[in-house]
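The values are calculated or read from the model by the stated rules, or taken from the named source; none is laboratory data. Computed from a predicted structure; not experimentally measured. All Cβ positions, glycine included, derive from the backbone under ideal geometry; neighbour counts span all protein chains shown. Side chains included, ligands, DNA and RNA excluded: accessible areas come from the protein's heavy atoms. Shrake-Rupley method; radii C 1.70, N 1.55, O 1.52, S 1.80 Å.
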Amino acid sequence: MVSSAFMVEDTVVSATPNSIVDSMKDVNFEVEESRKSEILFAEEYEQSPTFIFDDIVGQLIESASISESDAEDVYEMLEQMAAQPLNINTCTYDQLSQLLFLSPYQLNQLLIYRDRHPLVSLNELMLVDGFRDYEIRNLSLFLYAGPSMKEERMTAHDVFRYAKHILQTKLNIVNMEHYESDPVTAQLRYQFNYDNRVRFGLDIRRNAGTEARDMRYGAYIQLDQIGVLRTFVAGNMQASFGQGLVLSNAFHAGKSMYVLNAGQTAEGIRHYGSSVNGNLHGVGATIAVPMNDKYQDLLLSAFYSLTKANDSTRRHTIGTNITYRRNRWKMGLTAVYNLWSDSLHYFNEHAAYNQNYFRGDRQAVIGLNFRYNWGRYDLFGEMATAQNQRWGYAGQLGLRMTPINDLGLILLYRYYSPTFDNTLGYGFSESSRINDENGIYLGIESRNIKQWRLSGYLDFFYFYGYKYGIAYAPSYGYDLMTEADYSINAYHTMLWRFRMREKGRKNTFSLRYQYDYNRYQWHLRTQAEGNIVRDSLHQLGYGISLYQDISYTFHKPLTLQFRIQGFYVPEWDNRIYTYEYDILHAYAVAATYGIGGRSFLNLRWRIIHHIPSAECPDPILRDLSLYCRLSTSVFTRNWANIHRDGVISDTDLHILLRAVF
C-alpha cells in the first residue's frame, strides 16, 4: 500500500490513506470544537459582532484615525476577518496588524507566547501580558486557537464552489427638505471572497446632484498567501509602510482613547473597496523571500498607481519597500516617486500658511524605518526626506513600555522641517499635513485598580511658520486628555473624559460623561458633553449636548436603534462632534451647532438567514438583510444661514439591501 504524508504542528507524519482520513477527521473536530469554544466565550459578554464592530470603528472615527469614507473599508475588513477567522497559531504579524485595536507591544507579546506555547484556547491570552478581558472579547470574533496545519492547496474548483458572494445596493436621500437638485445617492456593490485568499470587488456609485454619465466606478482583485506571493492587488488599493512618513494612505492611529497606539499604522498593500477617496489605483504585490530560519522574514513590495489629482491633472506613482524582520528587529526601506501631468497649485495660492506646501510636477520621497522589541520595551522610529522647493526632512522616534504589569507608557517625538511636505504620507501630528511641526507626545494607561482603566496623554507642539487659522508665527500649543473607564460589572460601564487644549491663542475645555448598559437584547447609552472656549480676545463661549441611545434586538432577526439628542451650541467654535450609528458600512460624526435637537431611528432586519446543515450543506441564499436609517435635525431658528432657503430642519433617509450567496 502506498503511504502519504501530511503536516500537523510542523511535524511530518507518515500514514496510509485510511489513517490520514481518520487523523484529519480528528484534526477538523479539534478545530471545530476550538472555534465553538471561542464563540461561546464571546457570547458570555452578550454583545453581537455588529455592536463590537460599531464600537471599534466608532473609536477610530472619533479619534480621526480614519475618515468616514474609510470606515466602510475598515468595517468590511473586520467583517471578512470575522467570516474567515485566523488561526492564532499560524497567522502572520501583518495579518494580526490589521486589528487596529491591538498595539505593537501586544502583537509582539502574543507572537512570543505563541512561538513558545501554541495556544489551545483564546482564554490563554489572559496569561499574556498586555491583554484584558474586553480585548480578548474583541479578538474572539477574528481569531481561533487550532492546531498548526500545512496550508491546503487551492484549486479553481474550490475557489468558485466555496466562495462567498455579497451583493448590496444602497440609496441615500439627503437634505430632503431643501436639496436643489436630485437628492439621491445610489450605490451598487459586489464582493467575492474565498477564504480571504481570493477577493474581488466592484463598486458603482452615483452621487446626489450628478448626472448618470458622472457615475464613479471602482474595482479590485486581491490574492493572498499563494506560495511566495504574500499579496497581489490590482485596481483600487491602499499601501502603508513603517510609521507612514513616506507612504500611508491606509489606517493609522491618532490621538484617541487608545493612547498607547499613537503613531501606529496598518502596514502592507491591500485593496480599497470604495470608488471614492481611493488614493491609489493600479497594481501592487508583496513577495516573501524564503528564509531558512522561521524567525526571519524578508518582504519585497512594489506598486504602480495612476490616479486623478484633480479634474485636469493625473498622478503617476511608483513605490517600493523592503522589510526585514529577525527576532526582535524589524527594518524597512521605502521609496516613492510621483509624477504629475501638470504642476500642482493651491486655492489661495499666496496665503502665508501654504508657502511651504509642495509645488511642482515631480517628487521623490525616501525613508528608513525600524522597530526593536525587547520584552516590555518597544522602540520604533522613521526618518524620511522629500523633494520640495528645497529638500525637507522628517523624523519620528517613539518608545512604548510596560515597566510593570497593568501600566503602559509611550513617548513619541516628531520633527517635520518647514520644507518637508509629502502628499501621500502620514505622520502623527497636530495639523492635517506633516509639514513644519515639532512636538512631543506622552501617553499613559493603567489598569492597576480593579475594574478601572485610567488613561491620558499630553501633547506639546510648535510651528515655525504660519498655520491655517493662526495669524502669527511662530506659534505653539498643547493638548491634554484624561479618561477614566469604570466597569461596575459585565453589564454596566461608565466613562469620564476631560480634554484641555490651546492652539492659536484659543483655549478649549471639554468634559464628557458616558454610561453604557448592555444585557440580553438591550443596549442603552447616555452621553452628556459640554465645552468652554476662550478666544484670543478672551471672550467666553460654551456648548452643551445630551443624547440617549436605546437599542433592542428582537430575537436576532430584528434590531432597532433610536437616539434623541438636544444641544445648545450658539457659536461655531463650541461645536460638539457626536458619533452616530448608521446603516451597514456607514458611519457619521455630526458637528452639532445651533440650538435644537436631533434624532435618528435605525432598523436592521435579517429577513433570511440559512445556516449550512446536513440537510442543506450549501444553501444558495445564505443571508438577506435590510438596513434603514431615518435621521432629522430641528433648529429653533436659521442659525448662520445653515439653509439659505429658510428651512430649519434636516432629514436624511438611508436604505441598504444586502444578499449573501
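Summary of computed values
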quantity: Neighbour net charge for ASN507 - beta-carbon separation under 11 angstrom, K R +1, D E -1; calculated: +2
quantity: Probe 1.4 Å, accessible area per residue of the stretch 262-378, Å²; calculated: 50
quantity: Pair PHE232, LEU480: separation of 7 Å Cα→Cβ label points (nm); calculated: 5.6
quantity: The stretch 394-466: C-alpha gyration tensor shape, a/c 1.5 cut-off, then a/b vs b/c; calculated: prolate
quantity: Chain lengthening between VAL634 and THR155 when straightened (0.36 nm per residue, less Cα-Cα); calculated: 166.7 nm
quantity: Cα→Cβ-extended label distance, 7 Å offset, between MET215 and LEU171, nm; calculated: 1.6
quantity: Whole-Hz ³J(HN,Hα) from phi, Karplus 6.51 cos²θ - 1.76 cosθ + 1.60, for the stretch 407-422, glycine and proline x; calculated: 9, x, 9, 9, 10, 9, 10, 9, 9, 10, 5, x, 9, 8, 8, 10
quantity: Extension gain, ASN348 back to ARG505 (0.36 nm per residue minus Cα-Cα distance, nm); calculated: 54.1 nm
quantity: Apportionment of accessible area to carbon and sulfur, the stretch 237-366, percent (1.4 Å); calculated: 58
quantity: Label-point separation in nm, GLN296 to GLN225, each point 7 Å along Cα→Cβ; calculated: 2.4
quantity: The stretch 469-565 - Rg and Dmax from Cα coordinates, angstrom; calculated: 18.7, 60
quantity: For the stretch 77-105 and the stretch 337-373, distance of Cα centres in Å; calculated: 33
quantity: Cα centroid separation - the stretch 184-241 against the stretch 531-565, whole Å; calculated: 34
quantity: Rounded if a/c under 1.5, otherwise prolate or oblate - the stretch 215-275, Cα gyration tensor axes; calculated: oblate
quantity: Residues of the stretch 384-423 with amide N under 17 Å of a point placed 7 Å along Cα→Cβ from MET331; calculated: 384
quantity: Modelled FRET efficiency - R0 30 Å, LEU546 with TYR520, Cβ distances, 0.05 increments; calculated: 0.70
quantity: Length gained when the stretch ASN123-ARG390 is fully extended (0.36 nm per residue, less Cα-Cα span); calculated: 90.7 nm
quantity: Which listed pairs, of LYS308/LYS503; LYS255/LYS467; LYS164/LYS255, have C-alpha distances above 27 Å, in listed order; calculated: LYS308/LYS503; LYS164/LYS255
quantity: Cα gyration tensor, the stretch 196-353 - rounded (a/c under 1.5), prolate or oblate; calculated: prolate
quantity: Calculated FRET value between LEU306 and LYS450, using beta carbons and R₀ = 51 Å, to 0.05; calculated: 0.35
